[in-house]
């Protein structure tokens, strides 16, 4: 059996037309089909050759392109000339029910189980079609629905982590409250410290969805009279909340319309087909997406299909250096400059929402970028230097453009949704650049664009429900209120009295302060994720920074830059996402080399902060 890239065998343009004519695939969007092309292979199989062996693992679904096959079944042998083979893969079975043999020279399209599951998740009705095919075109919808809901019972181990987590959550906040009373703290401070302890424990042990603990904290703040509702709920009335909602929706419209995928294909078509340029493309596409798609996870999800295709084509045997370079380019592309752009990460927006009114007015999108630009340039230059040193011995690859051309063709011309998304992002870019002329704050500018897209019909109710990350918005609205609660509860005075010596370093020796902060945060990062670490440190240090006359932006920026440092996969969600996806597909890379690269980048981030201090002094930020 001969396997090859689908576009090489069938010719440019034929594959897209063939998929669109299929009764199942025609129900999917063109963007989903374009993504699928990256993940499918063509099989040429000779007469009398076995395609599927009975009871073998059901890992692939096949679509007949040409030829005919015999399904070996004692009760009902069949000759199949079109449609699907190996339907067991699509309906969730572990093994094939029957053997299948080619009765003439044939061609097939092969789709992996993970690829077909991803496709079905975007259009659940397709699962009914596969079930009908599997059950001899049974049209009983109730029977089909019952089959879809059937799951095998599996033994689950005793949830030690869950038990320890809940016990800690019930006990440690009470201990915190008791200790605070022993130290004669005000009751509001004791309650607030206990509530923060409770929230952090729920995060650490992942006992509840990430937005539930801060929402619970707001409820407890109100019920225990730690803060009045006007302060506890102030985050939901802030401009930051509405800016996040608008930016999420603009990014969501770009993704759902297929505009971002089209732009990625255009970039890949422009560069020469070589290892360096495709690595550069993965990296630069991640950078381009950073300011317009706030979620790093969304950016990774968009790049993984391209990463998988490039790794599959590379298949290098030299310590997997080429594949490792592609993985590293993807990982760094989506995360390296997330702190540099205000809209590069939801946690930037959360800390921005904690600023006072003056700092929020000063550090709008453009000035945030300007203030962080020197550090960003250092990070980018360091990345390319290290990349050249780490992969100077990597080999060369030759990649055909046929696959990309096939994807572009199946997308067709720009749709109305893509035009709307393009106009929205262009309007936002022009509005940000001309902020000094129209004097409109960025939150209300982004909200105006979204309202405009709603009026013209680009954004509808379904988009509002599905494209806005409401859980993150709730998280932002609740956490943003922590800083004013710190002030109203009196916790800021307690912090100043007990760790006020940190403020002396802020004022007199900023280098020692940064080193102390770096060391402590790197220890905490062993246990907590980046966003949680940033919120915890900013909440604790912002009252001291205010007393010491240190800019809120400076404190927030260095905390975010340090919190994004990671070495091992578990410390960074997107690292885990890439690792697990590649492991499932059986694609290999050199993880040790990536860990070494990450270790060096940790100190590069620290160096970028020190190198930026003169620039920040020039801007009167410190």
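The values are calculated or read from the model by the stated rules, or taken from the named source; none is laboratory data. Keep in mind the model is a prediction, meaning the values are calculated, not measured. With ideal geometry, Cβ positions are generated from the backbone for all residues, glycine too; neighbour counts draw on all protein chains shown.
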Of the candidates 407, 360, the one satisfying the condition of being in a helix (DSSP H, G or I), modelled with pLDDT under 90 and closer than 25 Å to residue 479 by Cβ is 360
Please go through the range 296-305 and give me each residue that is modelled with pLDDT under 80 and either more than 21 Å from residue 566 (Cβ to Cβ) or crowded, with 23+ Cβ neighbours inside 10 Å (or both), ordered by number. 305
In the range 503-531, the residues that are surrounded by 19 or more Cβ atoms within 10 Å (Cβ to Cβ) and either in contact with a strand residue (DSSP E or B) (Cβ under 9 Å, 6 or more places away or on another chain) or more than 30 Å from residue 210 (Cα to Cα) (or both): 503, 506, 510, 513
Would it be correct to say that residue 232 is surrounded by 22 or more Cβ atoms within 10 Å (Cβ to Cβ), more than 23 Å from residue 427 (Cα to Cα) and either free of Cβ contacts under 8 Å to residues at least 12 places away in the same chain or touching a helix residue (DSSP H, G or I) at 6+ places or on another chain (Cβ under 7 Å) (or both)? yes
Just checking, how many residues over the range 60-86 are within 17 Å of residue 41 (Cα to Cα) and surrounded by 15 or more Cβ atoms within 10 Å (Cβ to Cβ)? 10
Could you please let me know if residue 283 is closer than 30 Å to residue 322 by Cβ, surrounded by 19 or more Cβ atoms within 10 Å (Cβ to Cβ) and at pLDDT 80 or above? yes
Lone unmet requirement of (1) under 16 Å from residue 495 (Cβ atoms); (2) modelled with pLDDT of 90 or more for residue 198: (1)
Do the conditions hold for residue 338, that is, is it in a loop (DSSP other than H, G, I, E, B), touching a helix residue (DSSP H, G or I) at 6+ places or on another chain (Cβ under 9 Å) and modelled with pLDDT of 90 or more? yes
If residue 324 passes every condition in (1) more than 21 Å from residue 374 (Cα to Cα); (2) assigned to a helix (DSSP H, G or I); (3) at pLDDT below 90 but one, which one does it miss? (3)
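So that you can scan it fast, the table gives a plain yes or no per residue for (1) farther than 20 Å from residue 336 by Cβ; (2) at pLDDT 80 or above; (3) in the same structural domain as residue 21 (by TED's automatic domain parsing):
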{"site": "365", "(1), (2), (3)": "no, yes, no"}
{"site": "374", "(1), (2), (3)": "no, yes, no"}
{"site": "382", "(1), (2), (3)": "no, yes, no"}
{"site": "388", "(1), (2), (3)": "no, yes, no"}
{"site": "401", "(1), (2), (3)": "yes, no, no"}
{"site": "425", "(1), (2), (3)": "yes, yes, no"}
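Residue-by-condition table, conditions (1) at pLDDT 75 or above; (2) part of a helix (DSSP H, G or I); (3) over 30 Å from residue 419 (Cβ atoms); (4) touching a helix residue (DSSP H, G or I) at 6+ places or on another chain (Cβ under 6 Å):
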| position | (1), (2), (3), (4) |
| --- | --- |
| 452 | yes, yes, no, no |
| 458 | no, no, no, yes |
| 463 | no, yes, no, no |
| 478 | yes, yes, yes, yes |
| 486 | yes, yes, yes, yes |
| 493 | yes, yes, yes, no |
| 496 | no, yes, yes, yes |
| 505 | yes, yes, yes, yes |
| 516 | yes, yes, yes, no |
Test for residue 327: is it more than 27 Å from residue 257 (Cβ to Cβ) and crowded, with 24+ Cβ neighbours inside 10 Å: yes
Count of residues meeting criterion [out of contact with any helix residue (DSSP H, G or I) (no Cβ under 7 Å at 6 or more places or on another chain) and in a helix (DSSP H, G or I)] in the range 518-530: 4
All but one of (1) surrounded by 21 or more Cβ atoms within 10 Å (Cβ to Cβ); (2) farther than 15 Å from residue 577 by Cβ hold for residue 271; state the number of the condition that does not hold. (1)
